[in-house]
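I have placed the structure first, in the form of structure tokens, so that the comments after it can refer back to it.
The values are calculated or read from the model by the stated rules, or taken from the named source; none is laboratory data. Remember, predicted model here, so these are calculated numbers, not experimental data. No Cβ is skipped: glycine too gets one built from the backbone with ideal geometry, and neighbour counts run over all protein chains shown.
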Amino acid sequence: MKNNFVAIVLVIILIVLVSWIISIRNPAYLFSEKIQFKNLFEVYYNDTSIDTTKLKSVLENVEKKIRKSQYFNAKKRRLFICNNKLLFTYITPFNFDGLASNYVRRGNIFIASVSLDENLSKSLYRDYNEDLDKLLAHEITHSLLMDKGLHHIDTWKNEGYCEFIAYDKKINIQKDYNKYITNQDKYIKYRITTYYLLTEKKLSFKKIADSAITLENTYEELRLQFSEHE
């Protein structure tokens with residue numbers, strides 16, 4: 001009897017796992033609505049209240065940002081707006097309280113929840129949000145780096161470059177530095193150090209990616225620069 005119970009549990013686990021893998025590889029069947037933006041994005045969603053005009057306006061901004069990346073290509077990206085706790089948790093169980101998950105090898109980006117009126121992406125489990133156009137540009141830039149074989153570089157360089165593009169290459173480094181001092185957000189640290197190397201040190205991102213430059217050494221150099229002006 002006990003062996004039968006264990007066997008049943010294992011079968012259920014296997015079915016769930018196989019179902020999850022299928023869903024990750026081909027998630028379109030989980031969504032009832034779809035729009036295409038130019039030939040760059042396919043957007044899937046279930047929430048019929050989504051204003052597609054506002055959504056396309058956000059995507060226009062995203063396109064402008066990612067086209068400024070030296071690694072831009074016109075490969076079609078698939079975006080999935082969940083707006084549902086159960087759905088997002090099922091698809092991204094290891095990042096269920098995040099804003100988005102990017103399965104870069106499949107070209108699928110899952111967004112937890114959006115508010116198009118505010119241009120916001122929101123976590124479904126905590127009080128946390130980000131501008132939607134920045135979030136999408138950030139995640140798509142990860143995919144662009146993947147396409148160029150640069151996804152294995154140091155995390156801070158990868159994330160920092162994605163932030164650089166997401167912020168349209170326009171970062172107030174002094175303001176962000178002060179913000180980092182206050183809240184110690186690692187993404188701000190990645191952003192300001194990468195921005196510093198690209199714009200003030202005039203290094204190409206390829207050189208940054210290939211070099212042994214470290215996060216802490218770059219941040220210390222930046223910190224000393226700001227200390228001199230205090």
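Things to note:
- Against the list (1) within 21 Å of residue 104 (Cβ to Cβ); (2) surrounded by 10 or more Cβ atoms within 10 Å (Cβ to Cβ), the condition residue 18 fails is (1).
- Neighbours by Cβ (under 7 Å, 6+ apart or cross-chain): first from segment 198-215, outside the structural domain of residue 160 (by TED's automatic domain parsing); second surrounded by 13 or more Cβ atoms within 10 Å (Cβ to Cβ): none
- Meets criteria (in contact (Cβ under 8 Å) with a residue 60 or more places away in the chain, aliphatic (A, V, I, L, M) and buried (at least 20 other Cβ atoms within 10 Å of the Cβ)) for residue 91: yes
- Scan of segment 105-134 for residues that are at pLDDT below 95 and closer than 21 Å to residue 23 by Cα, ordered by number: 105, 106, 107, 108
- Selected residue (only one of 169, 207, 202 is in contact with a Lys or Arg (Cβ under 9 Å, 6 or more places away or on another chain), under 21 Å from residue 68 (Cβ atoms) and among the basic types (Lys, Arg)): 169
- Remark: residue 178 matches the filter, which requires a residue to be assigned by TED's automatic domain parsing to the domain that holds residue 221 and at negative phi.
- From the options 64, 54, 68, residue that is out of contact with any Ser or Thr (no Cβ under 8 Å at 6 or more places or on another chain) and either free of Cβ contacts under 8 Å to residues at least 24 places away in the same chain or in a loop (DSSP other than H, G, I, E, B) (or both): 68
- A single member of 223, 191 is basic (Lys, Arg), more than 16 Å from residue 156 (Cα to Cα) and assigned to a helix (DSSP H, G or I), and it is 223.
- Inter-residue pairs, beta-carbon under 9 Å, first polar (S, T, N, Q) and in segment 161-185, second surrounded by 12 or more Cβ atoms within 10 Å (Cβ to Cβ), 6+ apart: 174/226; 178/226
- Any pair with Cβ under 8 angstrom, 6 or more apart, that starts in segment 116-143 at a residue that is farther than 17 Å from residue 106 by Cα and ends at one that is among the aromatic types (Phe, Trp, Tyr) and not in a loop (DSSP other than H, G, I, E, B): 124/88
- Residues of segment 24-39 that are in contact with a strand residue (DSSP E or B) (Cβ under 7 Å, 6 or more places away or on another chain) and either under 26 Å from residue 73 (Cβ atoms) or not in a strand (DSSP E or B) (or both): 24, 27, 28, 31, 34, 35, 36, 37.
- Identity of the residue in segment 92-148, touching a Lys or Arg at 6+ places or on another chain (Cβ under 8 Å) and assigned to a strand (DSSP E or B), that ends up farthest from residue 159 (Cα to Cα): 115
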